Structure formats: structure tokens, C-alpha cells
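Structure record follows, encoded as C-alpha cells.
The values are calculated or read from the model by the stated rules, or taken from the named source; none is laboratory data. Please read these numbers as outputs of a predicted model, since none were measured by experiment. Using ideal geometry, Cβ is built from the backbone for each residue, glycine included, and neighbour counts are taken over all protein chains shown.
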Amino acid sequence: MRSGVKVAVVGGVFAVVVGGVGYGAYNVLDGLGNSGVGGGSDTKATSTEVKTGPVTEEEIAETSKAFLAAWAKGDAAVAAELTNNKGDAEPALAGYSASAHVTRALITPGPATGSKVPYTVKATVSYEGRTKPWTYASELTVVRGLTTGRPLVDWVPSVIHPELGKGESLETGESKTASIEAVDRNGNVLTKEKYPSLGGILDELRKKYGQKAGGTTGIETWINSANADGVDKTLLTLVKGKPGRLRTTLDAGIQAAAESAVKKYAESSVAAVEPSTGAIRAIANNRADGYDAARKASVAPGSTMKIVTAAMIIQNGLGSADSPVECPSSLTWMGVPFHNLNNFDMSNPTLKTAFARSCNTAFIKPIKPLDDKDKADTALGDEASRYFGIGQNWQTGIVTVDGSVPPSQGAETAASFIGQGKVQMNPLNMASITATAVNGQFLQPYIVPRDLDNRKFAVASRLPGGVSAQLKEMLHYTATWNQGTATAAMAGVSENKGGKTGSAEIDGHATSDSWFTGFSNDLAAAALVQSGGHGGDAAGPIVAAVLRAGQ
């Protein structure tokens, strides 16, 4: 609300069930006098004894009541005193009216769950004669003060709004960036309401290309990013700017399939690219933290990295798709043991069948000769960078994190050959690796045309003759052989297909990350399900669903 506007709690609008967890609604209206509701008096200590132990149901009810009443009253100082971080809470609460320009709000608490009290906010935002309703839900948690023993609201910015993070603030005014109407490659309009995973991407595209696309600014409520180079997030539009039309490489049909597929698995992400062009066709995530892991994660990719390891083996003359290899149940490298899943072994396999069964030892033992030549520690990173474009500062049009295969030493070198150690990837990186294997030439992924801002694309050397054909054969065999680890997941995908599973062990996690990458015709995709287990069980069905959508 603007400076100078008086607010007060409407008498009799709120109530609390004594000893219970149900409340009435707290109502903020402009132009009214003081209701007489005190701020924080209910939570003042009545003795010098410092209480300990969990907060009681009564303390939760009374503290949340007092806090919400003070916030509704517009008394930021009193509300902040009822939190465990007055210094951060007071300016944030004051900004709700002064910067976000909220002129009316009805706060309705719901039943508490333990120490958490949820509530809905029905607000009105007003700016320069323009008003619009704004509804959302959030929650607070009551904790015991460490030094005072008082029950206090555990202060986090999300108390004010669920999407508000540390160092961020709410603001209403003329938008900083011009509006866009993003469309897919076929001209279909892309919105964050229809494709929730694209929310952050559309905000980035607007910031970067809104003016270039010919858009104009509007009046909005947004979250100011805590990072000076970050992207502000629009929460409410009071007056729309004229959108500039921005064509992307995304495919609405494939994006819809990706959005639907990740919903079936918690902590999942997927990305899809076109091997013949590098065009990004879909990016989707389903994560509790809202993080866009599909393009920003840096985690071990497990056995999906064997695509690059296989290329390195072939190019260094250490084997070929049909050459014999050894697959013992375990082996040691620099005194450190490495095992296959459940300690399985294979009798007289080829590199192709070892790839299809995902034999770890078969992708470590052949490389030992390079260790004698002092090349093993850097060979995988050289292969990934020179031929697969990994770590070459991709300029996709949005923020993406490059994969990383740094030099390693000792046992970490062997671990890197099977996608562990220091190797770090995300689904977009792995989709690109698969696309390169199939196409024979790395083409940097991108989401808007290069000529839009004349950015420089990363480049890499073409895979030497025959290498791509062997990699494609190995991927196809893994997805069609009756013992291939990718066969079950890829059963419903067209015959021109291939895949690779991966399971990455993460320190401190009881269950491994599930990875899967694959291709069908001119589409490659990769998925990650953190703590999802075997690659074919969780990530595999996600990739298969995306590939089927592209058929």
C-alpha cells in the first residue's frame, strides 16, 4: 500500500478457538482507524524462566494469531518482534504495502499441522489508479526461541509469499522488461500456465529478448531477484504490455509430453534436442525445490557417460563395438575395487554386449594401457570436449550449465569412465551427447536463433569415420536386445531407436540417481530422477514418453 495510507484490522473479523487450531480471517482495509489490537503482547515472557522443549498447540495458536493480526494491521515492527529474525522480517513486512502496493488483504488461516499454520491471502494491489485482485497461499512455522524460550514465527521470506526467497523482495510498478509472446517452432503460444516448467525460461527470454522482439512494458507485481544478474519473476499483471513475438525452437507437443512424463516421478527432469540441428525441443522438471535441473544441474551421470567412454576406447584403438572385452564381476584400479551391479559377470562379451548390459569393469579394464602412457587421467575429458562439445560455454539463449569432465587422478580416473568421480552433467548435456553420437557431429543446443543476438556457438570436431555408426549400433542394441538394460523402457518407441541406462551413486543418498538417455529418429532426450534407482525404472519411461511424442 502507498505511503500514508492507514490500515487496521476490522473489529470482530478475526477470532481464535482457545486451545485449538482454527481461526477466522484477518482483514486489511485502507482508510480505517486503529482497531486496538495489540502487537506481540500475547507472546511476552511472564517469568524469567526460559522455557524449553517443543512449542505447544496453544503457543502455536496464540503466536500465529498475534503475528497475522499485526501483519494484517500493517504494523511491521510488532509483527517482526514476533519472529526469530526481526532484522530481516521488519523491512520485508513493511515492503508488502510500501513496495508491493497491497492496499487490501484478507488473510484466512487454516488448521495447523504440527507447528505449521497455513493460510490464504486474498489481496488487492493498486498502482497509479490500476487495481487487481491477487490470491495465493503460504504458511508459517512456530518455533521456540533459542535464547528467550518464547514461541516465535520462524522467519523465512516465504511467509510473505511462497515464491519469495532469501534476499528477494516484492515490488509493483512499471515492468523492467518488455513483454513477449513466446511461440514454439510451429507458432503455438507458450505460456507458464500451460507449461509450468517453462516459467523460468520464459522469464529469461523476456529479460534478454523482449525489446529485440518489439514488446512494450506493462504494470506488474514481481519478485526482485537476489542476484543482480538474475531474472525477476512476475507474479501479477495489472496492465499488460504489448508483447513482442519471439519464436523458439521448442515443440509444444513434445513439451506437453515432457511435462506430463515428469509428473509421474518426484525430483525428475528431462531435456530433448534435435540431433540434426541442435534445436532444443523440450525442457521439463518436477522438483519440490522448483530448480531447473534439466539445464542447470551438475551431478554424476552414471553409466550414460559410457557413450563418451566407448568413443574414447574406439578412437584410441583399444576396442570396437564387435571386439571382445573382459567383464569380470570386479577389478581394482590403483588398489580401489570396482564392481558391476550385483557383481554380475559376462562370458566372452563384445564391447557392444557389455555396453548393453552396462558392465562397469568392461569400460575400465580396456583403458589401463592409457594409464601406462600417462594419458588415462585426461583422455575422457579430451574426448568429451573435443568431440562432444562438453565444457565449451554453450550460448543457448538461456542460462545453461555446461557439463564438466575435469582431469582426475588415481581411482577417480576409473570412476570417471563409468560416470562417477568428478564427472558432472545434466539432462540437457546428456541429450546433446546422445545427439552427437547419433549425428556424428556436435551441434550446440539452442532455444532461440543465433542471429537474434549474434552470439557465438560452441563448436567441436566431427567424430572420426565409423565411430558414430558404432555408437549408434551400441545404443540401438541396448534398446532392442532381450538382455539390454534399455529394452523394456524403449519397447513402445519406433524401431529407429537407441538408449542407455545409468545409475549414479551419490554420497549420503541411500538410493542412486536414475539416468536414461535415448534417441528415436531425429530426436534425442535424457532424463534424471534423483534417488530414483535404476535408470530403466524411473528415468527410462520419461525419455520414452518424450521420444514417442516426437515420432
Of all residues in region 321-344, which are in contact (Cβ under 8 Å) with a residue 40 or more places away in the chain and either under 21 Å from residue 486 (Cα atoms) or polar (S, T, N, Q) (or both)? 321, 325, 341
Among (1) among the charged types (D, E, K, R); (2) under 22 Å from residue 465 (Cβ atoms); (3) touching a strand residue (DSSP E or B) at 6+ places or on another chain (Cβ under 8 Å), which single condition is residue 365 missing? (2)
Consider region 510-550. How many of its residues are of a type outside the set (A, V, I, L, M, F, W, C), in contact with a Gly (Cβ under 7 Å, 6 or more places away or on another chain) and more than 24 Å from residue 439 (Cα to Cα)? 4
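For region 391-415, which residues satisfy the criterion of being under 27 Å from residue 206 (Cα atoms) and of a type outside the set (Asp, Glu)? Explain how you work it out, then say what you get.
First pass over region 391-415, keeping only residues under 27 Å from residue 206 (Cα atoms): 391-403.
Within region 391-415, 391, 392, 393, 394, 395, 396, 397, 398, 399, 400, 401, 403 meet the criteria.
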Can you tell me which residue within region 345-362, out of those that are aliphatic (A, V, I, L, M), within 23 Å of residue 469 (Cα to Cα) and free of Cβ contacts under 8 Å to residues at least 60 places away in the same chain, is surrounded by the most Cβ atoms within 10 Å (Cβ to Cβ)? 362
Any chance you could count how many residues in region 511-528 are among the small types (Gly, Ala, Ser), more than 27 Å from residue 468 (Cα to Cα) and not in a loop (DSSP other than H, G, I, E, B)? 0
Does any residue of region 390-408 turn out to be out of contact with any Pro (no Cβ under 8 Å at 6 or more places or on another chain), hydrophobic (A, V, I, L, M, F, W, C) and not in a loop (DSSP other than H, G, I, E, B)? no
I'd like to verify a number: residues in region 452-510 that are in a helix (DSSP H, G or I), at pLDDT 95 or above and surrounded by fewer than 19 Cβ atoms within 10 Å (Cβ to Cβ), how many? 2
Residue in region 180-200 that is over 29 Å from the mean Cα position of the chain (by Cα) and either free of Cβ contacts under 8 Å to residues at least 40 places away in the same chain or surrounded by fewer than 19 Cβ atoms within 10 Å (Cβ to Cβ) (or both) present: no
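Where in region 265-383 are there helices (runs of 4 or more DSSP H), lying wholly inside it, with at least 1 residues that are of a type in the set (Val, Ile, Thr)?
Output list reads 306-315, 351-357.
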Quick check on residue 524: is it surrounded by 14 or more Cβ atoms within 10 Å (Cβ to Cβ), touching a Pro at 6+ places or on another chain (Cβ under 7 Å) and at pLDDT below 95? no
Please return the ranges of strands (runs of 3 or more DSSP E) entirely within region 197-253 where 2 or more residues are under 24 Å from residue 131 (Cβ atoms). 219-224, 233-239
Restricting attention to region 87-139, and to residues there that are under 28 Å from the mean Cα position of the chain (by Cα) and aliphatic (A, V, I, L, M), which single residue is nearest to residue 58 (Cα to Cα)? 117
